[in-house]
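One structure below.
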């Protein structure tokens with residue numbers, strides 16, 4: 001990577017981080033979820049994020065090095081290492097709840113970035129096999145509100161399973177019982193998740209994907 005490109009990447013990463021200081025979002029993401037079962041066990045979920053054209057164009061201009069409008073395997077790896085991996089500090093925007101307890105994935109796998117119609121798309125896998133077989137709620141949101149994450153009107157959630165062995169179902173519900181809170185003026189280094197209201201915090205009700213079994 002040339003010196004100019006490195007400087008550009010550093011500037012844009014700095015913008016990405018410091019923009020979280022303001023309350024309104026700067027990036028729009030459409031989130032799809034594809035849940036996978038093996039026999040009667042929920043193996044995990046593929047999340048697929050489609051970014052808005054403006055943010056997509058920034059990343060594409062950095063890392064589509066051959067300028068062919070696609071990410072090959074090497075360029076996808078560059079996206080992972082230069083853009084995506086920073087989200088480990090923000091819990092990959094993914095929050096899993098059973099009962100009153102929320103947890104986060106410690107890692108993701110099978111990451112791939114691609115480009116479709118000028119928009120950048122991330123796809124990656126989260127292992128859910130260690131979670132007990134009961135109702136599970138999964139929410140994808142950015143508690144710093146740098147990114148506004150929503151669901152598309154069609155095919156937001158896909159379930160892949162053997163209906164001879166299990167019959168799961170899903171719903172998407174705004175959770176009024178388990179809110180989260182965010183600091184609209186938090187420092188760049190503030191990666192804390194607030195589950196109790198404190199002075200200066202604002203309230204957010206996550207839209208959760210509820211997975212249940214029959």
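The values are calculated or read from the model by the stated rules, or taken from the named source; none is laboratory data. Keep in mind the model is a prediction, meaning the values are calculated, not measured. In this analysis, Cβ positions are derived from the backbone assuming ideal geometry, glycine residues included, and neighbour counts consider all displayed protein chains.
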Review point. Across region 48-75, what is the total count of residues that are surrounded by 14 or more Cβ atoms within 10 Å (Cβ to Cβ), under 14 Å from residue 123 (Cβ atoms) and more than 17 Å from the chain's Cα centre (by Cα)?
Key: 1
Revision key, fill the gap. By my count, strands (runs of 3 or more DSSP E) wholly in region 125-214 with at least 2 residues that are surrounded by 11 or more Cβ atoms within 10 Å (Cβ to Cβ) and at pLDDT below 85 are 180-182
Revision key, fill the gap. Pairs returned, first residue in region 78-91 that is closer than 10 Å to residue 112 by Cα, second residue that is surrounded by 14 or more Cβ atoms within 10 Å (Cβ to Cβ), beta-carbon separation under 6 angstrom, 6 or more apart or interchain, are 79/63; 79/113; 80/111
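Residue-by-condition table, conditions (1) within 25 Å of residue 144 (Cα to Cα); (2) free of Cβ contacts under 8 Å to residues at least 12 places away in the same chain:
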| position | (1), (2) |
| --- | --- |
| 27 | yes, no |
| 32 | yes, no |
| 37 | no, no |
| 43 | no, no |
| 62 | yes, no |
| 66 | no, yes |
| 76 | no, no |
Review point. What do you reckon, is residue 111 at pLDDT below 95 and in contact with a helix residue (DSSP H, G or I) (Cβ under 7 Å, 6 or more places away or on another chain)?
Key: no
